[in-house]
Amino acid sequence: KMAGGNSNYWEDLRKQARQLENELDLKLVSFSKLCTSYSSSRDGRRGDSSDTTPLLNNSTQDRMFDTMSVEIEQLLAKLTAVNDKMAEYSSTPGVTSLNAALMHTLQRHRDILQDYTHEFHKTKTNFLALREREDLLGSVRKDIETYKSGSGVNNRRTELFLKEHEHLRNSDRLIEDTISIAMATKENMTSQRGLLKSIQGRVNTLANRFPAINNLIQRINLRKRRDSLILGGVIGFCTILLLLYAFH
C-alpha cells in the first residue's frame, strides 16, 4: 500500500508537470506572436489613413505584454515547485530501486523547464529592446515633424534625410527578420537533433536491456550486409557477361 501510494503521488506530480508544460508552450507561442507583431503595429500607426491602423495599438499591446509576462512567470514558478517535489520524492529512501528511472524522468522535466525559461527571457529581452528603440525613433520622428510643421518650410534636404533614414530602417528591419529566421531554423535543427539523440539513446537502452533484441538487430544487420554482397556479386557477374557479349 505504501508503494502504491508513492507511485500515485509520483504520477500526480508528472501529470501536473505535463499540464504546466503544455500551458507554458501555448503561452510562449502567443507571447512570441505578440512581441513579433509589436513592430508591425508601430509601423501601421505611422500612416495617416485610418483604414491601415491596427486593431491593437501599442498601449494595449504593452498591457497584454505585462499581463502575459506575469502569467508565464507564475507558470514557471509552479513548474519549478513541481520539479522540486519530484526531486524530493526521488531522493526518498523507499524508492531507491526506481531511482535511476525517476532521475531520468526528472532530468527531462528539468530540461524542458530550462528551455522554456530561456525562451521566455530571450523573447522578453528582445521585446523590451525593440520597444525602447521604437520609442526613441518615434520621439525623434515626432520632433522632426513638429519642427517642420512649426517652421512651415518644405526643406528638400530634410526630406532627403528623412527618406534616407527610412531606407536605413527598412534595411535594418529586413536584416533582423533574416537573422530571426536563421535563429529559428537553428533552434529547430537543434531541437530535432536532441530528439534524434533521445530516440537513439532509448533504442540503445532497450538493446542493452534486452539481449535478445540486440542479437536480433545484429542478425538483421549481418543479413543486410550478406544480401548486399550477393547482390553486388550478381550485378558484377552480369556486367562481365554483358561486356564479353558486346566485344564478341
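The values are calculated or read from the model by the stated rules, or taken from the named source; none is laboratory data. The model shown is predicted, which means the values in this text are computed figures rather than measured ones. For neighbour counting, all protein chains shown are included, and Cβ atoms are generated from backbone atoms with ideal geometry for every residue, glycine included. For accessibility, only protein heavy atoms count, side chains too; no ligands or nucleic acids. Shrake-Rupley method; radii C 1.70, N 1.55, O 1.52, S 1.80 Å.
Of the residues that sit in region 161-176 and are open to solvent by less than 80 Å² (accessible area, probe 1.4 Å) and free of Cβ contacts under 8 Å to residues at least 12 places away in the same chain, which one is farthest from the chain's Cα centre (by Cα)? Ranking the qualifying residues of region 161-176, first place goes to HIS165. The residues of region 100-112 that are modelled with pLDDT under 90, open to solvent by less than 70 Å² (accessible area, probe 1.4 Å) and of a type in the set (A, V, I, L, M, F, W, C), listed by number, are ALA101, LEU102, LEU106. Scanning region 207-240 for residues that are basic (Lys, Arg) and at pLDDT 85 or above yields ARG223, LYS224, ARG225, ARG226.
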